[in-house]
């Protein structure tokens, strides 16, 4: 049974493709079913993102093949289920391409003889396939099929048969944290070795404020699992880190908040420097400042020859140091002998650099 579940999961996970659909990747997506197919109406077909509108991407949509899909769409969750069924979301959120496991209660099976089915969130906001129907198994119980009573909590999932002598593992639906033992043993007197654990709703505390930036989220005292928040920086500050983080099922955020890094003033006035591969005067640069992370190359004079050496420093959060070898020209040197400035003379040959 575990092998079947694994194969189904691999098949479902192989359906989505990247937004830019190269020829090799498109081979992984099944051809669109045409004619008298038993599927829903498919979105517009495509081969690459430019075939779709601004808010849609060319993605693999199961039996519809490569289709123009809005990736932010989500499917209904939680689902209203029929009798003898339990569902578990296998992905962090019920968005496009998310996987859903639907399992029959003990003693019940699907029409194909299995007790589990995998469904996938499609581009039309519906889960793939029909709602499974579980029917009671016709097998007569034998002493080896006797099981321990399962927990009645629909949020708590038990992985294992629960037959006598069997060890099971517990897990909670997304958004809940397991409290108690993760494993349990079904003893020969049809009792469990330990009490069943419980699932508690998970919440994340408010994300930390970002200096010189903003947290783009509704202000709350706590946030449910799956909630995402975004970050922006004030003008002239550069975002250093993730621009969005997610509340995980364990009650923690997916990453630490980012930093908003300040620009750096170029510590040179009368000498040209190199920024982005271009040699420029500092006064030709807007505000004579460079953003965080920008590399600036200065020119230093060779200690014994009439040639220049390049030395680079990087801006880090408002601080850009001059190289130790750099010497700022005087006002007279700049005005009377501009062609003799170190930044204007020939560069040293590789053999002259020690």
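The values are calculated or read from the model by the stated rules, or taken from the named source; none is laboratory data. These numbers come from a predicted model, not from an experiment. Because the Cβ atoms are built from the backbone with ideal geometry, glycine has one as well, and the counts that use them run over all protein chains shown.
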Condition check for residue 88: over 19 Å from residue 176 (Cβ atoms), modelled with pLDDT of 85 or more and not in a loop (DSSP other than H, G, I, E, B): no
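Residues checked against (1) part of a loop (DSSP other than H, G, I, E, B); (2) modelled with pLDDT of 85 or more; (3) outside the structural domain of residue 156 (by TED's automatic domain parsing); (4) more than 25 Å from the chain's Cα centre (by Cα):
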{"residue": "11", "(1), (2), (3), (4)": "no, no, yes, no"}
{"residue": "18", "(1), (2), (3), (4)": "yes, no, yes, no"}
{"residue": "81", "(1), (2), (3), (4)": "yes, no, yes, yes"}
{"residue": "112", "(1), (2), (3), (4)": "yes, no, yes, yes"}
Take region 331-351 and flag every residue that is surrounded by fewer than 16 Cβ atoms within 10 Å (Cβ to Cβ), assigned to a loop (DSSP other than H, G, I, E, B) and in contact (Cβ under 8 Å) with a residue 60 or more places away in the chain. 344
Starting from residues that are outside any strand (DSSP E or B) and surrounded by 13 or more Cβ atoms within 10 Å (Cβ to Cβ), keep the ones in region 221-235 and report whichever is farthest from the chain's Cα centre (by Cα). 222
When you check residue 100 against the structure, is it assigned to a loop (DSSP other than H, G, I, E, B) and not assigned by TED's automatic domain parsing to the domain that holds residue 250, yes or no? no
Would you pick out the residues in region 152-204 that are surrounded by fewer than 19 Cβ atoms within 10 Å (Cβ to Cβ), over 20 Å from residue 103 (Cα atoms) and more than 34 Å from the chain's Cα centre (by Cα)? 164, 165, 185, 187, 188, 189, 190, 191, 192, 193, 194, 195
Could you check, for region 110-125, whether at least one of its residues is out of contact with any strand residue (DSSP E or B) (no Cβ under 8 Å at 6 or more places or on another chain), closer than 25 Å to residue 69 by Cα, touching a residue at least 24 places away in the same chain (Cβ under 8 Å) and loosely packed, with under 15 Cβ neighbours inside 10 Å? no
When restricted to 206, 195, the only residue over 30 Å from residue 256 (Cβ atoms) and either modelled with pLDDT of 90 or more or not assigned by TED's automatic domain parsing to the domain that holds residue 252 (or both) is 195
Hey, among 252, 256, which residue is closer than 29 Å to residue 78 by Cβ and without any contact (Cβ under 8 Å) to a residue 60 or more places away in the chain? 252
Scope region 259-288; condition without any contact (Cβ under 8 Å) to a residue 40 or more places away in the chain and surrounded by 13 or more Cβ atoms within 10 Å (Cβ to Cβ); matching residues: 274, 275, 280, 281, 282, 285, 288
Can you find even one residue in region 288-306 that is touching a helix residue (DSSP H, G or I) at 6+ places or on another chain (Cβ under 9 Å), part of a loop (DSSP other than H, G, I, E, B) and modelled with pLDDT of 95 or more? no
